[in-house]
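The values are calculated or read from the model by the stated rules, or taken from the named source; none is laboratory data. Remember, it's a predicted structure, so these values are computed and weren't measured experimentally. Virtual Cβ from ideal backbone geometry, glycine too; neighbours counted across all protein chains shown. Surface accessibility is based on the protein's heavy atoms, side chains included, excluding ligands, DNA and RNA. Shrake-Rupley method; radii C 1.70, N 1.55, O 1.52, S 1.80 Å.
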Amino acid sequence: MSYKTDSAEAVEISYIQMVPSNDEEKDQSGHAISPRVLTVWPQGKVVRRHQSFKAKKLKKHENSLETLLQNVDSDEETDDKYSKPGEDKMDMVHLKSNLEKFFRNAGTVHGSFKDSDTSQTANFIQKIIEQEFPQSSGQFPSRRELIHVGPIKKNKSTYKPGDWVEIEGDDMKWRLDKVTRVIKIAPDDWDWNAPENEDKEPTWEYFYHAGSRRHIKEEDLRSPEAGLKTIFGCRPWVWQQWAIIKVEEILRFQLGHQDDFFEKDIQKLAADLWEQWLNHPANVEFYELFYDERIGDKGRSELLNHIQKPFELIDMMAEDNDEWNFGDDDNVNVFTYLSLLGSGISLPFVILAIQITIPILLVIETMKQNTCENFKDLPDNVFLAKVTAVPILFYYLYSVVPDTYDNFYNILGSARTVYSRIISLRSQIWFQGDDTLIQMLGFKLDVYMNTSYQTILLILNIYVILMTEDAIDVVLNALAFIFIARIDEETAQANWYDNDKRWVTAGAVEVAMLSTIRLRVLGSSKLFSEHFDIHEELLLKVCDEDKNLLNNLGLAKIDANDFNFMTDEERINMMCAKVSKDSKNEHAMEEYIKKPAYFGYIERLLNKFYSSSATVSFPAFERFTPYRTWSRWEKLLYLSPVPFLEDIFVEDDNGKFRFTEELDLNKKYSNYYPEESNKTGGRAFMDHFWRALLFGDLLPSLKPVWQAGHYLSFLFRLFDGIFLNWGTYFIHIIFPLYLLTSVVEVIYNITSRKCFNPFVFISDEVRGWFVEEGNYYN
């Protein structure tokens, strides 16, 4: 039946009825009509309509479980042109998703189950539940299970239960997992009662369950890369790297210009680049593969959907939708800008100095004013200060501690916030080793100033509260620390800092491109050969024996002015730019010449007096300039081999295409984590927490920069991994323990009316011990 939810969504759910009721509706032949769909509106109105399918006519002796199982998939639309080895209606891959359909067919059988049937039913249901809600998974799929080809079925779900897909998590990573359930929901504006909708179906919206994830949008799914590469080879992924660089070359940070990143339709631009590449004379071999009937519309659609995902993400960021509304997330701070843009370094370090200096001065001043000695009577004014501290400490205990851990998870976990997604993208760049030293510094400051620094401030705040001897000062000091903690965020929210959030959005767009492109791969003939299945000797031959391959700034400057590597539109723009510059027409130059845009004051000054300021930071949308070696790209774009479909498909005696048996072998995939498949976000984060404490992320972060020869970055990451990153996690264990100790201390002070501070006591004992030891040796 269908329910109308509070959000006005009609959801179709199968009605389970094991034995037909006496008042069950019958068709003209006297057979039971299959269960009805109920749509319940928010006002309580119920509309009944028959489901579009008719119950099967079954003889009385056909009420056994085996007969029901044989008919469980009878309503599935099948394509008689495609099949897979070993497919039949008894295959659990199909049955496990059709529990409702099984009961639906069971409900049309005249009579009831036998005891033996009930036992078989229980076993069958157990198998289905284990497949749909697996408790543990160590199964690796075969390549055949990762391939989605054939025709596109109108108004049907793209994927079905049992299909392997890649899912974009809240941490912005694509993970391989299996679909376990498909849910279809009618659009909000669909009116079941409208006469014109009689006997019609809405255009369904589909959602999916996979692993531990529930209600996944179709836009967050895509076909697995390994399956697509089996069919299409690596050539489309070479195109993707080239297209990212072309998009960056075209985009500008220029308000009002048609190529401004806020205005440009990135997905349309990428689609045009795809058509340009697909129809190139040197790409005939791939063109014929792409339009082969064995691949079908679905195979082509799945490739385009997969390969265009990065451009879709960029468009979403620039469109200022709810999912990427940077103005609504108050965790974005000045260090976030430094992390994303790698520029604007002056103000963040001024704020950093302020946020470190003020708490230290407050602690020093509080220690000087403290006159209460351990085990002495508590003066009246100090007693009042201790009483004032009690509600503050209990507020910390019941509210601030949970908020601290929640904030820690939102930043370093997989929360559904803009800031958490930014941190996740930056983390990917960190492990790729493609960020600059300034970006690395900004990224770590961004993380630490919103996690460990906040926690350290709370610890210092508690210490100051305990040492303060005036009740009013207790409250004022607590408020002072809250103000100090928010300086970096409040500065970033100011209109003068980044009006309309254009700079932070531009930084996020660049990071999204960096998360897709592989700069180290493009700059190494060896890595390029491994990633895109091209012999290194051939790569070196077409790239003049240059092992840096596509990373050549000198050649990029030459190719930028070569008409041989331009479209007609680009040639016209180049000529207009030259004429504008020669005539010194300022307005025309703004239109046709892309000027460098810098975020920080220092960077702008360096650009004004020293044109090579990119050595300090890159202008907006100029990060990939050394890789714009179009003369080499022209050769490499079509080198990756194209698979032979005869090695993938065979045609049987019935004219159906089957996958070859070689594709049935199971293998491991880099983005499949069976140990994480059934873990919720909280459990997965706790695993990450303990892994960080055991230095599990240290080596993966060091490897890419060492291989690239960035030794200064290597030393920074080594120091960070051993001390700062480890300390960030450890301090979150210390904080609640210190708070509990402080609560006990204050309660003791109030009940005994005695001065006592355990840390002062311990420090005095340690100091006395050292003095005694010194006197002994003297």
Subject >> Amide H contacts under 5 Å for LYS754, placed H, 5+ residues apart >> reply: LEU378
**OP:** Would you kindly derive the ³J(HN,Hα) couplings of the range 375-384 from the backbone phi angles with the Karplus curve 6.51 cos²θ - 1.76 cosθ + 1.60 (θ = phi - 60°), listing them in order in whole Hz, with x for Gly and Pro?
**Re:** 6, 8, 5, 7, x, 4, 5, 6, 4, 5
Subject >> In Hz, Karplus ³J(HN,Hα) per residue of the range 199-211 (6.51, -1.76, 1.60; θ = phi - 60°; x = Gly, Pro) >> reply: 6, 10, 10, x, 7, 5, 9, 10, 10, 9, 10, 7, x
Original post:
With each pseudo-label sitting 7 Å past Cα toward Cβ, what's the THR417-THR371 distance in nm, one decimal?
Top reply: 4.4 nm
Original post:
Once the whole set of protein chains is in place, how much accessible area is left on TRP706, using a 1.4 Å probe, in Å² to the nearest 10?
Top reply: 140 Å²
**OP:** Provide the per-residue ³J(HN,Hα) series for the range 293-310, in order, calculated from phi with Karplus coefficients 6.51, -1.76, 1.60 and θ = phi - 60°, each as a whole number of Hz, with x at glycine and proline positions.
**Re:** 5, 5, 7, x, 5, 5, x, 5, 5, 5, 5, 5, 4, 5, 6, 9, 4, x
Original post:
Amide H to amide H, which residues 5 or more places from THR180 or on other chains are under 5 Å from it, using H placed in the peptide plane?
Top reply: GLY162, HIS209, ALA210, GLY211
Subject >> Segments 149-160, 548-559 sorted - mean Cβ within 10 Å per residue, highest first >> reply: 548-559, 149-160
**OP:** Within 10 Å, count the other beta carbons around each residue, average over each peptide in 175-188, 418-431, 477-490, 638-651, and list them highest first.
**Re:** 418-431, 175-188, 477-490, 638-651
Original post:
Over the range 490-607, what number does the Rg to Rh ratio reach, with both radii from the alpha-carbon atoms and Rh per Kirkwood?
Top reply: 1.08
Original post:
How big is the gap, in Å, between the Cα center of the range 517-559 and the Cα center of the range 681-721?
Top reply: 28 Å
**OP:** Compute the Rg/Rh shape ratio of the range 195-243: radius of gyration over Kirkwood radius, all on alpha-carbon atoms.
**Re:** 1.23
**OP:** For every other residue with a beta carbon closer than 11 angstrom to the beta carbon of CYS234, add +1 if it is Lys or Arg and -1 if Asp or Glu, then tell me the sum.
**Re:** -1
Original post:
Based on the mean of other beta carbon atoms within 10 Å per residue, what is the order of 732-742, 445-455, most packed first?
Top reply: 445-455, 732-742
Subject >> Accessible-area order (highest first, 1.4 angstrom probe) of the listed residues PHE770, PHE232, PHE253 >> reply: PHE770, PHE253, PHE232
**OP:** Compute the relative contact order of the range 372-456 as a whole-number percentage, counting only Cα pairs closer than 8 Å that sit 6 or more residues apart in sequence.
**Re:** 22 percent
Subject >> Across LYS154/LYS635; LYS309/LYS584; LYS229/LYS703; LYS595/LYS703; LYS246/LYS526; LYS557/LYS584, pairs whose alpha-carbon gap is larger than 30 Å >> reply: LYS154/LYS635; LYS309/LYS584; LYS595/LYS703
Subject >> Sequence of MET440, MET367 when ordered by accessible area, the most exposed leading, probe 1.4 angstrom >> reply: MET367, MET440
